[in-house]
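The values are calculated or read from the model by the stated rules, or taken from the named source; none is laboratory data. From a predicted model like this one, the values you see are computed outputs, not experimental measurements. Note: ideal-geometry Cβ built from the backbone for every residue, glycine included; neighbour counts use all protein chains shown.
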Amino acid sequence: METGKHGLRRELRLWDLVPMQVAIIVWLGWTGFAAKQGGSQVVLWLLAILLFYLPLAAVVMKLSRDLPVEGGVYQWVKAAISPFAGYLAAWNLTIYTVTAFAVIGSLLGSGFAYAAGPSGAWLGNSKPAALAITTAACLIAWFFNVRGLQLAKWWSDLSAVLTVVTFVMMLYLLIIALLTMPPAAHRAFSLEWPGFSILTLSVFAKMSLSALGGFDSSAIFAEECRKPENDVARSVLIAAPLIALMYIIGTSAVLAWIAPADVDLAATIPQLLQAGFGQTLLGRALTLIVVLGFSIGFLASMVIYVGMVARLPMVAGWDGLLPAWWSELHPVYRTPSKAVAAVTLAVLVLGVLSLLGAGNQEAVQVSVGAGGAALCVMYLLLFSVILFGKRSSIPRPRMWIRLAALAAFCVSLIALVFQIVPLGDVSNRVLFALKVAGTIAGANALGAFLYWRGSRRQPG
């Protein structure tokens with residue numbers, strides 16, 4: 001197996017990257033957040049695609065061709081703006097990943113509760129069960145990422161297949177609703193223009209960044225791709241139309257069966273399947289199969305994300321900003337095994353903390369808010385490469401790419417402000433906002449301190 005200059009193995013081809021894009025970007029649970037907006041969800045998705053999704057794809061395609069190096073956004077921001085900015089971009093992407101997957105126990109526990117029926121309802125609010133699921137997920141992510149991408153990449157293939165299967169079931173339920181249910185169900189696929197409100201802006205922000213972000217992520221594996229200067233951009237072109245279609249149709253299916261106010265943000269897909277297939281033996285069997293597939297798909301996404309994020313401290317270690325052990329590769333598998341262990345441990349610790357004093361839905365929303373804020377910071381820095389970057393040899397982008405980057409930069413800024421607004425019921429909205437704001441501020445202060453410590457270790 002060919003290796004890059006740092007000893008990493010080049011495991012990824014184009015047709016490994018395409019399902020990886022689907023696995024990284026698509027979490028059909030976001031259809032629940034979008035469904036909270038009702039019949040205007042189609043227009044909101046289209047606006048998010050136009051103002052953020054397509055600009056992000058264009059920016060990633062350009063930068064992956066101009067600077068195809070391991071570390072992706074870390075290297076791009078470092079080269080164009082400053083080493084500190086690059087470090088913060090990587091740090092915030094790490095925060096996003098850790099917070100997003102820290103609630104895997106709550107999400108999967110709620111899903112299993114729906115699938116099991118009345119006898120398993122306790123799983124939806126069981127903190128011991130959520131903790132056990134989180135622990136098992138972390139062990140799986142650690143094991144497969146230590147073994148290497150030649151094994152871990154099969155998880156992205158599995159995730160993409162299961163995501164498509166789940167989408168097909170949602171499409172089937174949408175068709176059934178349109179053919180057999182009252183005209184009110186048809187509003188789920190309407191072109192109703194959204195009204196202006198705090199809730200609308202909050203939904204739009206979360207849809208844009210958290211649901212549609214991620215095209216930049218596979219570029220982090222550049223030195224582990226066979227042809228990084230071409231294949232990352234091609235994978236974006238192939239995956240983008242399918243991803244957009246899945247989100248719009250999936251949200252329409254949710255709204256065809258469930259009223260916006262009744263959508264369960266912690267278990268949208270199981271709730272939809274239960275509503276569509278009912279409590280018959282066949283309905284429960286189908287719900288169980290799809291919920292298990294959806295759960296395995298989410299776990300597969302976690303495996304890929306943990307491996308991806310572990311590459312960021314590895315690259316920072318190459319630059320001397322972190323101790324050298326972060327960059328040490330396993331002697332047999334040539335993976336950053338110590339960085340992988342640190343990331344999985346961080347997910348587990350935050351998973352425990354997220355369950356303190358909150359139900360599953362609130363734990364999910366706090367984690368989504370803090371992770372979303374970190375993602376906003378990362379994207380603000382990424383789009384700044386196109387808008388304000390002066391230090392690099394990256395060719396000056398064309399005007400249309402700069403305009404696209406400006407639109408996405410503005411969306412990211414709006415999204416950052418609205419991460420403190422919950423979409424569902426929480427025990428205390430002010431306390432919720434303080435939890436989200438405090439988490440992201442404290443995390444970035446810690447990141448800045450670690451950068452300062454690392455920079456002091458470097459020779460003058």
Query raised in the report: When both residues are 6+ apart or on different chains and their Cβ atoms are under 7 Å apart, which pairs have a first residue that lies in region 87-109 and is farther than 14 Å from Gly29 by Cβ and free of Cβ contacts under 8 Å to residues at least 60 places away in the same chain, and a second that is surrounded by fewer than 24 Cβ atoms within 10 Å (Cβ to Cβ) and β-branched (Val, Ile, Thr)?
Result: none
Report task. Could you please let me know if Gly109 is crowded, with 24+ Cβ neighbours inside 10 Å and out of contact with any Ser or Thr (no Cβ under 6 Å at 6 or more places or on another chain)? Result -> yes
Query raised in the report: How about region 309-318: which of its residues are out of contact with any Pro (no Cβ under 9 Å at 6 or more places or on another chain) and crowded, with 24+ Cβ neighbours inside 10 Å?
Result: Val309, Leu312, Val315, Ala316
Requested in this report: Return the residue satisfying two criteria in turn: it lies in region 324-336 and is in a loop (DSSP other than H, G, I, E, B) and without any contact (Cβ under 8 Å) to a residue 24 or more places away in the chain, and of such residues it is nearest to Leu149 (Cα to Cα).
Outcome: Val332
Report task. Could you grab me the full set of residues in region 210-234 that are of a type in the set (Gly, Ala, Ser), assigned to a helix (DSSP H, G or I) and under 17 Å from the mean Cα position of the chain (by Cα)? Result -> Ser210, Ala211, Ser217, Ser218, Ala219
Query - Test: Leu14 is touching a Lys or Arg at 6+ places or on another chain (Cβ under 7 Å) and modelled with pLDDT of 80 or more - result: yes
Report task. Check whether at least one residue in region 147-159 is modelled with pLDDT of 85 or more, in a helix (DSSP H, G or I) and farther than 28 Å from Val349 by Cβ, and report yes or no. Result -> yes
Requested in this report: Filter region 239-296 down to the residues that are not hydrophobic (A, V, I, L, M, F, W, C) and not in a helix (DSSP H, G or I), then identify the one that is modelled with the highest pLDDT.
Outcome: Asp264
**Report entry** Conditions (1) free of Cβ contacts under 8 Å to residues at least 60 places away in the same chain; (2) of a type outside the set (D, E, K, R); (3) surrounded by fewer than 20 Cβ atoms within 10 Å (Cβ to Cβ); (4) touching a helix residue (DSSP H, G or I) at 6+ places or on another chain (Cβ under 7 Å): number failed by Leu123
**Finding:** (3)
Report task. State whether one or more residues within region 229-241 are closer than 30 Å to Ile420 by Cβ and crowded, with 24+ Cβ neighbours inside 10 Å. Result -> no
